[in-house]
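Scroll down for the structure; my scribbles are underneath it.
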Number of protein chains: 2
Amino acid sequence: MPARYAAAVPERPPLRQRKRQRAREQIVEAAYALFAERGFGDVTVADIAERAEVGRTTFFRYFGDKQEVAFSDEQRIVERLTELHRALPPVDDLAGALAQIREVVVLLCGELAADGEHYRAHERLVRENPELRDRAARKFHLLCEVFRDNMLARGAPREVAVLAPQLALACYRAGQELSDGDPAALTGAVDSAFAQVSESFRSEVT
Amino acid sequence: MPARYAAAVPERPPLRQRKRQRAREQIVEAAYALFAERGFGDVTVADIAERAEVGRTTFFRYFGDKQEVAFSDEQRIVERLTELHRALPPVDDLAGALAQIREVVVLLCGELAADGEHYRAHERLVRENPELRDRAARKFHLLCEVFRDNMLARGAPREVAVLAPQLALACYRAGQELSDGDPAALTGAVDSAFAQVSESFRSEVT
DNA sequence: TTCTAAGTGGTACTGAGTACCATACCGAAC
DNA sequence: GTTCGGTATGGTACTCAGTACCACTTAGAA
């Protein structure tokens, strides 16, 4: 293929970038393998670097710390959720806002369950390591802030923009716990948690 | 006072225990002072130990890690909440369960606000340090588990026992965020978050 | 007074995370 | 193809959190 056509082929990022991508994957793979073998606590960053065939220094260029490697595709997920949420029309009442986030979250649960093996490994890792549970919580709260800011930008009242994402998180966590780490059961459990919230209070007669 | 009356005076714990209590307080005080001066990240455990006039080793005998010292009275709070919650009659519907936790949490918010200065310092510390935010999240989730187990032990259905505490946590966090670290506003904000949840869905006409 | 268990502080270690440096290599421009 | 600039790499050396182990002190009971 003549060189002047090269620019017309978008499906070939420069070598630099491909190498970076490759190194990243190697590190993640190495880390997950070692974590599965020995548990998070008994694996050192040096171990991971060695198996991934990179220097210890390089590990920290790709991941801010040891925990971060266990959340390798969290950023992708956040971006996906943000995008989905932004696509929906603005609302300014609590029930409506929650219904919207419900849609988005349930959709994503399905996607997560698609890569069931990875989901299972990740969940197990997080469930068994307090430090990773903490970090997972941070990720979730970051996500809440994204939803909140998105809603605020669309003129939702502050109380709603703050509360709705937190409630959604509660439903997700409950669903996650109730599904016991089974990716196939996740979507259903989460959706039913959302349903419970809406229905419980609607039918309440005081 | 003759020795044989000593046992009849309950208001005097043995010296050992008093010393322990004292050392603990010294460490907490030293830590909070240093954190306020230089920020959590720029204070080493050695610094804290030195100012508290104990050995570095001793610090770790009182607190499992550096973060823990920032949550010095968390255990007391958990015990208090547990006790309050246990005193209430069993319920097995979501709305009822949430109303119960609401009572308990709102009550405690009042108590927290009472020691306003400490609350402010603690909140600020946590808000400004991601590592402490993570740890705070862990504490909250531990608390959720306490509520959950308490409800399960009283025969509540699992979905309710799991979901209700998570929703309550959502309300608390929302209230906390909306009150902007002001202890005086905390109780009101949290209570109104709970109210929103109940009312939003009750009045919903689909 | 004596004995035991609890508490203390010191030393020495591992491992996470950072700063810095010299080297290697991609990619573009000549 | 050669050269050149910026980027990625891996190594060394450091700080600090956290742990294990030690000898020493001291509260409190016998």
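The values are calculated or read from the model by the stated rules, or taken from the named source; none is laboratory data. These numbers come from a predicted model, not from an experiment. With ideal geometry, Cβ positions are generated from the backbone for all residues, glycine too; neighbour counts draw on all protein chains shown.
In the range B:115-132, is there at least one residue being charged (D, E, K, R) and within 16 Å of DNA strand D (Cβ to nearest atom)?
For the range B:115-132, residues charged (D, E, K, R) and within 16 Å of DNA strand D (Cβ to nearest atom): present.
Quick one: what pairs do we get from the range B:184-200, first residue more than 10 Å from every other protein chain (Cβ to nearest Cβ), second of a type in the set (Asp, Glu), C-beta under 7 Å, 6+ apart or different chains?
Qualifying pairs under 7 Å: none.
Among the residues of the range B:23-31, are any closer than 19 Å to B:Arg133 by Cα and not β-branched (Val, Ile, Thr)?
Looking through the range B:23-31, at least one residue is closer than 19 Å to B:Arg133 by Cα and not β-branched (Val, Ile, Thr).
Just checking: which of the helices (runs of 4 or more DSSP H) contained wholly in the range A:91-158 hold 3 or more residues that are within 12 Å of chain B (Cβ to nearest Cβ) and touching a residue at least 12 places away in the same chain (Cβ under 8 Å)?
So the answer is A:94-114, A:130-153.
Hey, does the range B:37-49 have a residue that's in a loop (DSSP other than H, G, I, E, B) and not β-branched (Val, Ile, Thr)?
Checking the range B:37-49: at least one residue is in a loop (DSSP other than H, G, I, E, B) and not β-branched (Val, Ile, Thr).
Please indicate, with yes or no, whether at least one residue in the range A:102-109 is among the β-branched types (Val, Ile, Thr) and farther than 25 Å from B:Glu199 by Cβ.
No, there is no match, as no residue in the range A:102-109 is among the β-branched types (Val, Ile, Thr) and farther than 25 Å from B:Glu199 by Cβ.
Scan the range B:3-36 residue by residue and report those that are away from DNA strand C (no atom under 12 Å from the Cβ) and at pLDDT below 95.
Answer for the range B:3-36, where residues must be away from DNA strand C (no atom under 12 Å from the Cβ) and at pLDDT below 95: B:Ala3, B:Arg4, B:Tyr5, B:Ala6, B:Ala7, B:Ala8, B:Val9, B:Pro10, B:Glu11, B:Arg12.
Out of everything in the range B:27-73 that is within 14 Å of chain A (Cβ to nearest Cβ) and within 24 Å of B:Glu111 (Cβ to Cβ), what residue ends up being farthest from DNA strand D (Cβ to nearest atom)?
Among residues in the range B:27-73 that are within 14 Å of chain A (Cβ to nearest Cβ) and within 24 Å of B:Glu111 (Cβ to Cβ), the one farthest from DNA strand D (Cβ to nearest atom) is B:Phe71.
Which residues, counting only those in the range B:45-70, are surrounded by 13 or more Cβ atoms within 10 Å (Cβ to Cβ) and more than 10 Å from DNA strand C (Cβ to nearest atom)?
B:Val45, B:Asp47, B:Ile48, B:Arg51, B:Phe63, B:Lys66, B:Gln67, B:Glu68, B:Val69, B:Ala70
Test each condition in (1) more than 20 Å from A:Ala193 (Cβ to Cβ); (2) modelled with pLDDT of 95 or more; (3) over 15 Å from the mean Cα position of the chain (by Cα); (4) among the small types (Gly, Ala, Ser) for B:Ser203 and report the one that comes out false.
Among (1) more than 20 Å from A:Ala193 (Cβ to Cβ); (2) modelled with pLDDT of 95 or more; (3) over 15 Å from the mean Cα position of the chain (by Cα); (4) among the small types (Gly, Ala, Ser), the lone unmet condition for B:Ser203 is (2).
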